[in-house]
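The values are calculated or read from the model by the stated rules, or taken from the named source; none is laboratory data. This one's a predicted model, so the numbers in the text were calculated from it and none came from an experiment. No Cβ is skipped: glycine too gets one built from the backbone with ideal geometry, and neighbour counts run over all protein chains shown.
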Amino acid sequence: MSFLSLRDVSKFYGSTCAVSAMNLSVEQGEFVSLLGPSGCGKTTTLQMVAGFEPVSSGTITLAGRDITQAKANTRGLGIVFQSYALFPHMTVADNVSFGLEMRRLPRAERQERVRKALSLVHLDAHAQRYPRELSGGQRQRVALARALVIEPPVLLLDEPLSNLDAKLREEMQFELRQIQRKVGTTTVMVTHDQSEAMSVSDRVVVMQAGVVTQVDEPQRVYEHPRTRFISTFVGKANLLDARVGEVGARVGVALGGLRFDVAVDNPADFSSGATALFSVRPEKLQLRPCGQGRMDGEVQERFFLGSQWLYRLSTDAGDWTVLCPNDGRESLAVGEAAAIDWPDHCARLLPGEAPAAQE
Ligand code: ATP
């Protein structure tokens, strides 16, 4: 049995379904992110695990114990919110010590645990400062130390880095993952930032309108998105309408005047003659001289991104976005003709209708 498990968990606010029959298994020591657009039910899910919101139906178990009806303060979980929620009138050390005092731990043990927690987040030297004397990133680390010091079975993080500027946020993502690896605490993080979810998580849970649409390792979500929504929410994708030909281990595709076949994860999702979406990531496309690729086109726009060139090309099958590394060679000009090519294994086919999520 998994360490933390949600079985058919739903949440209704009146007639609004915030979370619909959610199933999720989190293993001990795993870092899992709930990823999805605003309003998809991420925070509600976290709040139900934390015990701040009752479930409408379903079961939540932790280490084999049914905690569905347990009060929040008896679940013993570590929680970090976007707002940090530090006590302004307390020093950093007192903020971190607070949860230990509530648990009536002896003074000597409290001091030792606070010292260790502050060392973990590299704030040993700031123990006697007040929150107002810290930067945003430092405050966030105090909140993390305060959650970890109680040695919770599960750490719940709700958009913990969203108040930080882009550069600090990236640094903290790296640090968060390092700390989590070191202490090994099972972690569930809510984020709407796909690159954050991908960079820190062992697995990503993609949610849309209260429903889990994919649960996979980050690279798998990126390389094998299960739906149209996921393929554009997680990274960029070229999506072109195609028609399904013969369905076997590989599926035949008609795209513009081109016919070829594509390996698919689940042939049963496709039926001959139906429409489907052909998908390939912009960085997986290559530009070649005309006549030497799969399809000829013309450059409509180009953008210099520093390490890459981004091109928009029009072809008979539709418009394509192509990302090419800036390798120092001369770039293509607007109006120039070029052929588009891609390696077989980079092509994906998505069913017209979204298939059901699988864990
Ligand atoms: P965000 O990224 O914007 O925080 P989210 O994915 O965390 O969004 P939730 O906050 O879980 O989404 O909200 C899911 C749905 O439930 C939304 O439609 C929201 O309006 C609704 N909802 C959330 N809390 C309440 C509440 N207390 N009362 C009524 N509806 C609510």
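Some values worked out for this structure:
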quantity: All positions within the range 30-42 that are more than 7 Å from the ligand (Cβ to nearest atom) and hydrophobic (A, V, I, L, M, F, W, C); calculated: Phe31, Val32, Leu34, Leu35
quantity: Selected residue (only one of Thr16, Thr59, Thr45 is in contact (Cβ under 8 Å) with a residue 24 or more places away in the chain and within 10 Å of the ligand (Cβ to nearest atom)); calculated: Thr45
quantity: All positions within the range 196-212 that are of a type in the set (S, T, N, Q), away from the ligand (no atom under 11 Å from the Cβ) and within 24 Å of Thr16 (Cα to Cα); calculated: none
quantity: Selection within the range 64-78 - at pLDDT below 95 and either aliphatic (A, V, I, L, M) or within 16 Å of the ligand (Cβ to nearest atom) (or both); calculated: Ala72, Leu77
quantity: Answer from Glu101, Glu53, Glu27 - the residue that is within 16 Å of the ligand (Cβ to nearest atom) and charged (D, E, K, R); calculated: Glu53
quantity: Selected residue [of a type in the set (A, V, I, L, M), under 28 Å from the mean Cα position of the chain (by Cα) and under 22 Å from Arg203 (Cβ atoms)] from Leu77, Leu120, Leu86; calculated: Leu77
quantity: Some residue of the range 301-316 being out of contact with any Cys (no Cβ under 6 Å at 6 or more places or on another chain) and touching a residue at least 40 places away in the same chain (Cβ under 8 Å); calculated: yes
quantity: Residue list for the range 287-308, restricted to those being assigned to a strand (DSSP E or B) and touching a Pro at 6+ places or on another chain (Cβ under 8 Å); calculated: Gln308
quantity: Subset of the range 239-256 that is hydrophobic (A, V, I, L, M, F, W, C) and in contact with a Pro (Cβ under 8 Å, 6 or more places away or on another chain) - its residue that is nearest to Arg294 (Cα to Cα); calculated: Val251
quantity: Unique match (being free of Cβ contacts under 8 Å to residues at least 60 places away in the same chain and either out of contact with any Gly (no Cβ under 9 Å at 6 or more places or on another chain) or closer than 19 Å to Phe229 by Cβ (or both)) among Arg259, Arg348, Arg294; calculated: Arg294
quantity: Selected residue (only one of Asp193, Asp165, Asp216 is within 16 Å of the ligand (Cβ to nearest atom) and in the same structural domain as Gly136 (by TED's automatic domain parsing)); calculated: Asp193
quantity: Helices (runs of 4 or more DSSP H) lying entirely in the range 87-180 (those with 1 or more residues that are of a type in the set (A, V, I, L, M) and under 22 Å from His192 (Cα atoms)); calculated: 136-148
quantity: Qualifying residue in the range 226-246 (condition: more than 24 Å from Leu323 (Cα to Cα), outside any loop (DSSP other than H, G, I, E, B) and of a type in the set (Lys, Arg)); calculated: yes
